[in-house]
Every structure is written in C-alpha cells, then in structure tokens.
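Here is the structure we will look at.
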Amino acid sequence: MKLLLHAILFFAAVGTAIAQSVQIGYPPAWTNVHPGQSLTVQIVQPNSIEGSFTLGIALGIQSCVSSPCPAPSDQMGNVLYNGPFNPKRHPQTQPYQNFTVQIPTWMASGSAQLNVAYAALWGAGASPSFDTLSEPLNIL
C-alpha cells in the first residue's frame, strides 16, 4: 500500500512538472527551412491547474553542421526573439502563441536546432521555473 502511495505521488509530481512547461507546437522536427526565410514558431502552454506568471520566452537557432548542437540550457545560439509570452486560448486547443522569426541569411546548409527558453513563476508561492527545449531543423 505504501509503495502504491509513493507511485501515485511520483506520477502526480511528474504530471505537474510537465504541465508547468511549454511545448513546440510548430514547426515539426526536421522541417526544411532556407536562410532568410520567415518561419512561424508556435509555442504551446498546456493547461494547468496551477496559476502561473510568465516572465518571458526566448527563441534561438543554432547551427549543428560542424559539431553536435549543445543543449539549449548551455547555449541558445542566435537569438531570434526575446520578450513577452502571452498564449491565448483557442477553441478545442491548448493555449498557444505564434511567433514569426527570420532564419539568419548566413546560416550554413545542414542540421540546425531551434531552441526555446521559458521562465515563469508557478503556484501560490510563486516558485521560479526555467525550462529549455529544442527542435531539430534542416537548413537548405
């Protein structure tokens, strides 16, 4: 019984942690993009029972042609956007916000990584949270 209680608490904590993050809704992995091209990036904030105060979001792009891309928590690459994140609710979807960014004209052909950094305060105690994630892209 005690093991079952610990398992339930663990999965509840994991579910809460996942719900307190953001996700890249678009573009999908390995989308082909061209240097100089505008790209729509959709950032989704899953519904959560806890209140949050978003501090901001940053979008960056990192070339991975000559070496593996570093984790976005270590290096964001070229910052494409840095500022407010105000996701809006839409019928039958989770809240999201679209950002239109431009792929730098100097990006080399090959693999690249779209990086996201998200900072917020969560819950009644306003606990700080910082999250990073990435999506691979193909520069043509």
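The values are calculated or read from the model by the stated rules, or taken from the named source; none is laboratory data. Please read these numbers as outputs of a predicted model, since none were measured by experiment. We place every Cβ from the backbone using ideal geometry, glycine too, and count neighbours over all the protein chains shown. Surface accessibility is based on the protein's heavy atoms, side chains included, excluding ligands, DNA and RNA. Shrake-Rupley method; radii C 1.70, N 1.55, O 1.52, S 1.80 Å.
When the residues of the range 86-122 are narrowed to those that are assigned to a loop (DSSP other than H, G, I, E, B) and touching a Gly at 6+ places or on another chain (Cβ under 7 Å), which ends up farthest from Tyr26 (Cα to Cα)?
Thr105
So which residues in the range 112-133 are modelled with pLDDT of 95 or more, farther than 17 Å from Pro46 by Cα and among the small types (Gly, Ala, Ser), if there are any at all?
Scanning the range 112-133 gives a single hit, Ala112.
Out of curiosity, is Ile24 surrounded by 12 or more Cβ atoms within 10 Å (Cβ to Cβ) and within 18 Å of Pro136 (Cβ to Cβ)?
yes
Looking only at the range 30-48, count how many residues are in contact with a Ser or Thr (Cβ under 6 Å, 6 or more places away or on another chain) and part of a strand (DSSP E or B).
Residues meeting the conditions: 2.
Specify the residue that is farthest from Ala119 (Cα to Cα); the eligible residues are those in the range 43-92 that are open to solvent by 30 Å² or more (accessible area, probe 1.4 Å) and among the aliphatic types (A, V, I, L, M).
Among those residues, the one meeting the criterion is Val65.
Does Val33 satisfy the condition of being over 20 Å from Gln97 (Cα atoms) and either among the charged types (D, E, K, R) or modelled with pLDDT of 95 or more (or both)?
Spelling it out, Val33 is indeed over 20 Å from Gln97 (Cα atoms) and either among the charged types (D, E, K, R) or modelled with pLDDT of 95 or more (or both).
Hey, can you tell me all the residues within the range 103-122 that are touching a residue at least 60 places away in the same chain (Cβ under 8 Å), surrounded by 14 or more Cβ atoms within 10 Å (Cβ to Cβ) and either in contact with an Asp or Glu (Cβ under 7 Å, 6 or more places away or on another chain) or farther than 16 Å from Met76 by Cβ (or both)?
Of everything in the range 103-122, those that are touching a residue at least 60 places away in the same chain (Cβ under 8 Å), surrounded by 14 or more Cβ atoms within 10 Å (Cβ to Cβ) and either in contact with an Asp or Glu (Cβ under 7 Å, 6 or more places away or on another chain) or farther than 16 Å from Met76 by Cβ (or both) turn out to be Leu114, Tyr118, Ala120, Leu121, Trp122.
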